[in-house]
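Everything on this sheet refers to the single structure shown next.
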Amino acid sequence: MVDDLFNYQSILASRVISETNGARDPVDVWLASRTRVVERIDQTMTDFRAASTVDLAMLTVASRQLRALVES
């Protein structure tokens, strides 16, 4: 699972760089076209912060959401 998360991070960074054509705020530009997926991930991160512990089920959900972002 950790390897998947690092792989998603690498893919996302590459996509942001390649798809934003030198925009001033490349991450914001890239995320703006994916608001639905980003909102779900933001909610998951809020849940993580509120949880006393993060379990495997939560990480699995986060991994699926990041995969959806990668595939968007």
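The set of residues in the range 45-72 that are farther than 19 Å from D4 by Cβ, among the hydroxyl-bearing types (S, T, Y) and not in a helix (DSSP H, G or I) comprises S52, T53. Just to be sure before I move on: is D47 touching a helix residue (DSSP H, G or I) at 6+ places or on another chain (Cβ under 8 Å), on the phi < 0 side of the Ramachandran plot and of a type in the set (D, E) in the structure I sent? Yes; evaluated as a whole, the condition is true for this residue. When A50 is tested against the conditions (1) over 15 Å from the mean Cα position of the chain (by Cα); (2) surrounded by 13 or more Cβ atoms within 10 Å (Cβ to Cβ), the lone failure is (2). Residues of the range 1-44 that are loosely packed, with under 12 Cβ neighbours inside 10 Å, touching a helix residue (DSSP H, G or I) at 6+ places or on another chain (Cβ under 8 Å) and in a helix (DSSP H, G or I): none at all.
Computed from the coordinates by the stated procedures, all read-outs in this text should not be read as laboratory data. Just so we're clear, the structure is a prediction, and the values are computed from it rather than from any experiment. With ideal geometry, Cβ positions are generated from the backbone for all residues, glycine too; neighbour counts draw on all protein chains shown.
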